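To start, the structure under review is shown below, and the notes come after it.
Here, each number is a calculation from the coordinates, and none is a lab measurement. This is a predicted model, so every value here is computed, not measured. Note: ideal-geometry Cβ built from the backbone for every residue, glycine included; neighbour counts use all protein chains shown.
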Number of protein chains: 2
Amino acid sequence: MESKQVVEALSALAQSTRLASYRLLVACGPEGMAAGQIAEKLNVSAATMSFHFKILSHTGLIESRQEGRFVYYSANFQVMNGMVAYLTENCCGGNPAACNVPSNFC
Amino acid sequence: MESKQVVEALSALAQSTRLASYRLLVACGPEGMAAGQIAEKLNVSAATMSFHFKILSHTGLIESRQEGRFVYYSANFQVMNGMVAYLTENCCGGNPAACNVPSNFC
DNA sequence: TTATTATTTCCATAGTTGTTTAACTATGGA
DNA sequence: TCCATAGTTAAACAACTATGGAAATAATAA
């Protein structure tokens with residue numbers, strides 16, 4: 001994973017509404033949740049929620065699928081795995097014995 | 001760890017100079033590195049670097065100690081651990097068998 | 001087709017962030 | 001004490017970000 005991509009992913013999560021919606025989707029699992037339902041749960045207008053989904057989608061942290069009139073969003077764990085791996089690289093000055101570095105998020 | 005604190009930590013890391021300096025300090029280990037040395041390594045002015053250190057310090061992601069004329073910065077892994085734990089909470093819809101959730105960063 | 005519902009896009013506004021420059025504080029050597 | 005070096009702070013400015021109302025698009029039901 002490249003630095004630029006990691007900055008984008010961190011930046012996407014560094015906003016309270018996006019962080020809350022991402023965590024909601026992590027807990028929802030692969031089936032995800034409809035856009036409007038998430039907006040309502042988080043007390044945010046549809047326009048604002050859509051703006052935030054666009055940013056999260058762009059990084060790959062979430063994905064969407066159309067189902068009837070609804071758009072379901074769900075978390076994709078691969079980007080989070082990559083992000084954590086990037087942050088923990090060379091942890092503790094290359095002394096792996098002192099470390100318990102996670103290799104996988106989910 | 002609270003949502004607000006996590007947003008602050010993510011926000012602190014969501015900037016290329018800060019992300020690079022944090023990773024440098026992660027690799028340096030507890031002894032850390034002098035402010036000026038980091039600024040030079042990353043090709044950033046002392047003033048800009050100081051501004052970024054202030055933001056990272058405020059979140060607790062890094063710490064400083066004075067040593068003669070030098071200020072040494074070092075990574076504090078606890079905040080990162082808390083951040084990762086917060087992000088992975090309730091991972092995969094409460095189905096821990098499908099998960100490999102990291103409990104510790106370092 | 002027309003109406004209805006779900007979501008997105010466009011726009012203006014308000015607020016935040018990163019950088020530079022110049023001035024400041026602190027430490028230690030001559 | 002004076003000087004050089006290391007680092008911080010403050011002000012200014014340009015660039016970016018978040019918000020919600022209105023209009024546009026998309027999917028479906030009547």
Next on the checklist: Would you confirm, using the coordinates I've provided, whether residue B:50 is surrounded by fewer than 20 Cβ atoms within 10 Å (Cβ to Cβ) and out of contact with any Cys (no Cβ under 7 Å at 6 or more places or on another chain)?
Outcome noted: yes
Next on the checklist: Among the listed residues B:31, B:2, identify the single one that is among the acidic types (Asp, Glu), touching a residue at least 24 places away in the same chain (Cβ under 8 Å) and more than 10 Å from DNA strand D (Cβ to nearest atom).
Outcome noted: B:31
Checklist entry - Taking region B:53-75 only, how many residues are free of Cβ contacts under 8 Å to residues at least 40 places away in the same chain, surrounded by fewer than 13 Cβ atoms within 10 Å (Cβ to Cβ) and either within 21 Å of residue B:15 (Cα to Cα) or touching a Cys at 6+ places or on another chain (Cβ under 9 Å) (or both)? => result 1
